[in-house]
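The structure appears right after this line, and notes come after that.
The values are calculated or read from the model by the stated rules, or taken from the named source; none is laboratory data. Everything quoted here is computed from the prediction, not taken from an experiment. Counting neighbours? That spans all protein chains shown, and the Cβs are built from the backbone with ideal geometry, glycine included. Protein only, heavy atoms only, side chains kept; ligands, DNA and RNA dropped before computing areas. Shrake-Rupley method; radii C 1.70, N 1.55, O 1.52, S 1.80 Å.
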Amino acid sequence: MENKTKTTLSEKLLQRKYNPDFIPPKDQVVLTIQELPIGVIQNFIIVSGVAKSGKSTFLAAAISSAFMPSDVFGIKFRFPEGRRKIAYFDTEQSEYDFFRQVNKVKNFAHINGLPDWAHFYSVREDSASEIKALIETYLENNPECPVVIIDGVLDLCLDYNSEIESRQLINWFKKLTKVYNCLFIGVLHQGKGIGNQTLGHLGSNCDRWASSTLEVIKDKDKKTFTLQPRFLRSCEDFEPVVITNYDNQWRQIDSVKIPENNAEKSNPRDLNEMTNKKMILQILAIQKPYKDLIADIQELTAKGTNYAKKLCKIWIEKNLILKNTNNLYDKNF
């Protein structure tokens with residue numbers, strides 16, 4: 001048994017080894033915004049925002065671009081050759097709202113019916129494990145599908161604050177996107193009062209491992225909805241996409257200045273103690289060296305290195321974090 005295991009691992013190691021003769025196909029980029037590579041096959045991306053912020057509207061616009069030769073608001077789905085298929089799993093909405101979402105897609109695309117290669121599913125009544133099983137079954141039966149949209153990700157786990165369950169879900173994303181050579185797009189809620197951060201350990205893990213994290217913000221006064229980059233691995237930031245509903249028609253308008261929320265003010269000293277502690281709890285779930293701490297602050301706040309170092313210094317001054325004898329930082333409350 002031991003020799004068999006070693007042989008299996010050796011074979012697997014050879015399979016994982018870099019192959020200089022393999023060149024990834026150019027059509028691996030299936031989602032672009034302003035022609036920038038946002039969604040690439042074998043990755044997953046996250047669209048986040050508070051409730052009712054307009055996430056479903058941008059999602060409908062993006063999906064509709066798959067049915068048209070042109071983009072929608074600068075957003076475009078393109079399919080690899082021979083893989084023209086898209087799947088949408090709605091885990092949250094009622095039948096009425098699910099029906100409205102599908103109609104919104106059709107209205108954006110100016111079509112009366114969905115093509116037979118567009119598959120929409122409502123799985124609201126199913127458990128977390130059942131939803132994951134349904135998605136896996138779909139991919140087994142439709143291996144040519146390059147894009148799977150999950151609205152929303154919170155319903156794929158029982159406890160979004162569980163470190164173990166959150167990491168298991170991330171590993172599931174990574175495994176399925178590799179095995180089935182596809183892109184996952186997940187919709188994830190942000191919490192109110194904690195600097196609009198994605199919820200719990202699940203949100204922190206998604207921000208860390210997703211290839212792109214996009215954010216949707218609603219401005220009630222200006223009556224606008226803005227899609228903006230939060231973290232992008234594969235490209236530089238795109239210009240915020242701002243839309244408004246005028247005369248019952250969605251229209252793109254020029255970029256507007258987005259008001260900063262409390263957790264993203266330019267001066268880190270403006271953050272209150274509760275916000276600081278919640279950020280530390282997300283970042284320092286385990287002890288880590290200074291370099292990793294700074295990198296995690298940058299990811300969580302979507303700010304630069306200088307901001308992260310200033311905030312870290314403030315935490316040290318306020319005795320919220322301590323460095324131990326192993327030169328690792330840990331929370332101190």
Under 27 Å from the Cα of LYS132, which lysines turn up, not counting those fewer than eight places away in the same chain? LYS12, LYS52, LYS55, LYS76, LYS85, LYS104, LYS106, LYS174, LYS175, LYS178
With +1 on each Lys and Arg Cβ and -1 on each Asp and Glu Cβ, how big is the dipole of the chain about its Cα centre, in debye rounded to the nearest 20? 940
To the nearest 10 square angstrom, what accessible area does TYR290 show with a 1.4 Å probe? 90
Mean separation of Cα contacts under 8 Å (6+ apart) over length of the chain, as relative contact order %: 17
Determine how large the accessible area of HIS119 is when every protein chain is in place; take a 1.4 Å probe and give Å² rounded to the nearest 10. 40
Amide N of the stretch 84-118 lying under 19 Å from the label point, which is placed 7 angstrom from the Cα of GLU125 along Cα→Cβ: 89-100
Here the percent of antiparallel bridges among DSSP beta bridges lying wholly in the chain, to the nearest 5, is 55
Which parts of the stretch 213-238 would a label at GLU35 reach, counting a residue when its backbone N lies under 19 Å from a point 7 Å out along Cα-to-Cβ? 234-238
Contact order relative to length for the stretch 263-333, counting C-alpha pairs under 8 Å separated by 6 or more residues, stands in percent at 34
In whole Å, how far is the Cα centre of the stretch 12-65 from that of the stretch 120-138? 21
Taking every DSSP bridge whose two residues both lie in the stretch 66-206, the antiparallel percent to the nearest 5 is 10
Which percent of the accessible area of the chain is formed by carbon and sulfur heavy atoms (probe 1.4 angstrom)? 49
Within the stretch 154-257, DSSP-loop GluC sites (Glu not before Pro) with at most 10 other C-beta atoms within 10 Å are GLU236
Compute, for the stretch 66-107, the length of the dipole vector about the Cα centre, with Cβ point charges of +1 (Lys, Arg) and -1 (Asp, Glu) only. Units Debye, rounded to 20. 300
Surface accessible to a 1.4 Å probe, GLU239 within the full protein complex, Å²: 120
Given (1) -0.53, -1.06; (2) -0.45, -0.96; (3) -0.62, -1.10, which label gives log10 I(q)/I(0) by the Debye sum over Cα atoms at q = 0.09, 0.13 Å⁻¹ as computed from the coordinates? (1)
